[in-house]
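Engineer: Once you've had a glance at the structure underneath, I'll fire off some questions.
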Amino acid sequence: MDRLIVALASAGYAGFLPGAPGTFGTAVGAFVSLLLFPLPLPLYFAFLSAFFKMVEGVRQREEELKRQLHQLTIEIDEVKRQQAVAELTGTEFFEQLQESARKLREARSLKKHPPSETSDTSDS
């Protein structure tokens with residue numbers, strides 16, 4: 001019986017996978033066996049303690065997997081964003097737009113700061 005309790009406590013998340021040793025069905029079967037075959041009270045407490053430790057391990061594993069999934073979703077979104085930016089900036093239209101913007105900035109700069117009108121005409 002002690003081996004069953006240790007197996008249940010260490011099963012963790014894998015204990016719920018079908019076909020794995022110590023599956024959820026096996027845990028339920030063990031629990032039913034405990035109900036059908038009376039055991040001393042300390043063994044019930046040990047079994048329940050092991051079972052709740054297993055449940056807590058499963059909960060922690062689920063939380064960690066959720067966190068990892070969220071992180072992967074963020075990373076995938078970032079990759080998609082980078083691909084979309086690359087698609088937009090790699091077009092001929094975008095290059096023309098950049099050139100137009102550059103020319104407009106130059107024209108605005110020339111209006112604010114016209115070239116100096118000092119020219120060397122003393123060579124005549």
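Only the coordinates and a few stated rules stand behind these numbers; no lab work does. Nothing here was measured: the structure is a model prediction, and the numbers come from that model. Positions of Cβ are generated from backbone atoms using ideal geometry, with glycine treated the same way; all protein chains shown enter the neighbour counts.
Engineer: How much net charge surrounds residue 112 when only other residues with a Cβ under 12 Å from its Cβ are counted (Lys, Arg +1; Asp, Glu -1)?
Structural biologist: Residues near residue 112 contribute +2 overall.
Engineer: Another question about this same structure. Cα to Cα, under 24 Å, and not fewer than 8 places away if on the same chain: which lysines meet these conditions relative to residue 112?
Structural biologist: Qualifying lysines at Cα under 24 Å: 103.
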